[in-house]
Amino acid sequence: MEKQKRALVTGASRGIGRAIAIALSEDGYEVILHCATGVQKAEEVKSIIEQAGGKATILTADLCDPVCAKAMAQQMGDVDVLVLNVSIQIRKPWQEITLEEANAQINCNFLSSLTLIQEAVPYMKTQKWGRIITIGSVQEAKPHPDMLIYSSIKAAQTAMVKSLSLQLAKDGITVNNVAPGVIYTDRNREALADPDYAKKVSDSIPAGYYGEPEDCAGIISLLCSEKGRYITGQSIFVDGGKSVQ
């Protein structure tokens, strides 16, 4: 009997991470749910997975702290799939960005991912199979003027994906980036509650509407399956066409 594969999803207690975690469980993976503080919400996701017959565990860590990121990397154990979804987003004019705010975003959105990848890859190499997926943003192509650090890091993350994809392809490990557009999550819910702003946003999307977290889960399922084995080094936009404009 084949051993059940394990998948770690960072930022899995809500939004896109939650949808991905549930989808991977439905695909047969044992899922490790990472959260920073939202343990109750992570427990809800765990319960959904277990009620459907799946298996899930929870890991908590503040990935803005390099020490916590390293400790979590050592705690997660062997994983076959790594979905690096967690990020923080600080909005303000570029002239007002503090080094503390910049470093927090760099640590959480980039360096924590690097740390987890460094820990996960040795096992993947022994299996000659692995899937690494970073969650980027349409801001790689359409940077928001008040999110200079966030958009810059997402672009850097994709450069990391491309570099690693070349280095790991012969080990049976694919490395890809999935870049969502405007997705109706907790992060965006308050802003999109304003009808005028919501209309402005939807009008800027060729499809004419913003997405749901589940819209991002399908491509993750494909990339983590054998059907996606020949896709690597790509940044795939899930954005209703917004990045094309």
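As a calculated quantity, the FRET efficiency between Gln167 and Val244 at R0 = 25 Å, using C-beta atoms, amounts to about 0.25. Size of region 88-201 from its Cα atoms: along the principal axes, largest to smallest, the extents are 52, 31, 22 Å. Counting beta carbons within 10 Å around each of Thr60, Thr126 and listing the fewest first gives the order Thr126, Thr60.
Just checking the listed ones, Ile153, Ile183, Ile231: in the Gaussian network model of the chain with Cα springs under 10 Å, the one fluctuating most is Ile231.
3J(HN,Hα) along region 92-102, derived from phi through the Karplus expression 6.51 cos²θ - 1.76 cosθ + 1.60 where θ = phi - 60°, amounts to 5, x, 4, 5, 9, 5, 8, 4, 4, 5, 5 Hz, with x in place of Gly and Pro. A compact globular protein would have a Cα radius of gyration near 2.2 N^0.38 Å; the ratio found for region 1-64 is 1.03.
Relative to the longest principal axis of the Cα atoms of the chain, helix 39-51 runs at roughly 50 degrees. Apply the a/c threshold of 1.5 to the C-alpha gyration tensor of region 201-245 and tell me whether it is rounded, prolate or oblate. Verdict is oblate for region 201-245.
Here region 12-90 is treated with +1 on each Lys and Arg Cβ and -1 on each Asp and Glu Cβ, and its dipole about the Cα centre works out to around 220 debye. You can think of it this way: the chain between Glu190 and Thr57 has 44.9 nm of extra reach, that is 0.36 nm per residue less the Cα-Cα gap. Our summary gives the chain a relative contact order of 19 percent, counting only alpha carbon pairs under 8 angstrom and 6 or more residues apart.
Pairwise Cα distances in region 178-221 exceed 14 Å for 49 percent of all pairs. Per-residue packing, averaged as other Cβ atoms within 10 Å, sorts the ranges 113-122, 10-19, 44-53 into the order 10-19, 113-122, 44-53, beginning with the highest.
In this Cβ point-charge picture (+1 for Lys and Arg, -1 for Asp and Glu), the chain has a dipole of about 620 debye about its Cα centre. Which FRET efficiency, nearest 0.05, do Ile231 and Leu114 yield, Cβ-Cβ r, R0 22 Å? Rounded to the nearest 0.05, the efficiency is 0.50. Tell me whether region 32-80 comes out rounded, prolate or oblate; compute the Cα gyration tensor, take square roots of the eigenvalues as a ≥ b ≥ c, and use a/c under 1.5 as the rounded threshold. Oblate, since a/c reaches 1.5 and b/c is not below a/b. By the count of neighbouring beta-carbon atoms within 10 Å, fewest first, Cys68, Cys108, Cys224 end up ordered Cys68, Cys108, Cys224. Judged by the ratio a/c of the largest to the smallest principal axis of the C-alpha gyration tensor, region 1-128 counts as oblate, that ratio being 1.5 or greater while a/b is no larger than b/c.
Note that the chain shows a convex hull volume over its alpha carbon atoms of 127 Å³ per residue. Descending by average beta-carbon neighbour count within 10 Å, the peptides 165-175, 80-90 line up as 80-90, 165-175, the highest first.
Segment Thr98..Ser202, full-extension length gain: 34.3 nm, with 0.36 nm per residue of separation and the alpha-carbon distance subtracted. A simple count of charges around Leu148, restricted to other residues whose Cβ falls under 14 Å of its Cβ and scoring Lys, Arg +1 and Asp, Glu -1, yields 0.
Placing unit charges on the Cβ atoms only, positive for Lys and Arg and negative for Asp and Glu, gives region 143-245 a dipole magnitude near 440 debye about its Cα centre. Under 14 Å from a label point set 7 Å out along the Cα-to-Cβ vector of Tyr209, the amide N atoms of region 177-193 belong to 183-184.
Here the residues Tyr210, Tyr230, ranked from fewest to most Cβ neighbours within 10 Å of their Cβ, fall in the order Tyr230, Tyr210. Dimensions of region 147-245 from C-alpha coordinates, computed as largest minus smallest value along each principal axis and given longest first, are 50, 30, 25 Å.
Throughout, read-outs are computed from the coordinates displayed, never taken from laboratory work. The structure displayed is predicted, hence computed values, not measured ones. Every residue, glycine as well, gets a Cβ built from its backbone with ideal geometry; the counts of neighbours run over all protein chains shown.
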